[in-house]
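One structure below.
The values are calculated or read from the model by the stated rules, or taken from the named source; none is laboratory data. The model shown is predicted, which means the values in this text are computed figures rather than measured ones. As a convention, Cβ positions derive from the backbone with ideal geometry for all residues, glycine included, and neighbour counts pool all protein chains shown. Surface accessibility is based on the protein's heavy atoms, side chains included, excluding ligands, DNA and RNA. Shrake-Rupley method; radii C 1.70, N 1.55, O 1.52, S 1.80 Å.
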Amino acid sequence: MPRRTVNRQDATAALETARTTPAAGLEPDELRRIVRDTLLWFAQQHPGKSVEVRVPPIAAVQAVEGLRHTRGTPPNVVETDAATWVDLVAGRLGWQDAVADGRVRASGTRADLSALLPLT
């Protein structure tokens, strides 16, 4: 099965909405679309399979170069909620603050995404 992708135009639109509208101001369907599109864009911009980024129940992607994970629980996992993901990709929330506040759960040696966020 081919990997899902998002085109640059849709990713740019999602990022622009994320930057201009806080997650609390988005309709649920729009929030889900923005999370899906920005997660896919993140995976396309940082290809690989060493980190699994999860925003349950909306979507999850594998990204970032490194050792490939194929079975069982991935060694590097980042998990957060939709509003936090939108704030991270938009640059309204810093990685370290989100981890310190418990809004992001990151485990594994490659799970620090601070150098990769916000998205451009």
Rounded to a whole number, what % of the accessible area of the chain do carbon and sulfur atoms account for, probe 1.4 Å? 50 percent
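Using Cα pairs closer than 8 Å and at least 6 residues apart in sequence, work out the relative contact order for the range 23-86, in percent. It would help to have the intermediate numbers written out before the result.
Working: 101 pairs, mean separation 22.6, N = 64.
35 percent.
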Rounded FRET efficiency, nearest 0.05, which uses the C-beta distance separating D112 from T73 and R0 of 25 Å: 0.85
The range 11-66 and the range 73-107 have their Cα centres apart by a whole-number Å value of 12 Å
Mean accessible surface per residue for the range 15-120, computed with a 1.4 Å probe while every protein chain stays in place, in Å²: 51 Å²
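Based on the Cβ-Cβ distance from E27 to T5, what FRET efficiency comes out when R0 is 25 Å, to the nearest 0.05? Walk me through the numbers before you get to the answer.
Numbers: r = 24 Å, r/R0 = 0.97.
The value I calculate is 0.55.
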Nearest 500 deg cm²/dmol is fine: what mean residue ellipticity at 222 nm does the chain get from its DSSP H runs of n ≥ 4 alone, each adding -39,500 (n - 2.57), divided by its residue count? -12000 deg cm²/dmol
Potential extension, Q45-R105 segment - 0.36 nm per residue separation minus Cα distance: 19.4 nm
Share antiparallel - DSSP beta bridges, the chain, percent rounded to 5: 75 percent
Given (i) 14.6, 53; (ii) 21.3, 77; (iii) 13.4, 39 as candidate values of Rg and Dmax of the Cα atoms in Å, which corresponds to the one derived from the coordinates? (iii)
For the range 35-42, what does the Karplus curve 6.51 cos²θ - 1.76 cosθ + 1.60, with θ = phi - 60°, yield as ³J(HN,Hα) per residue in whole Hz, taken in order and with x for Gly and Pro? 4, 4, 5, 6, 5, 4, 5, 4
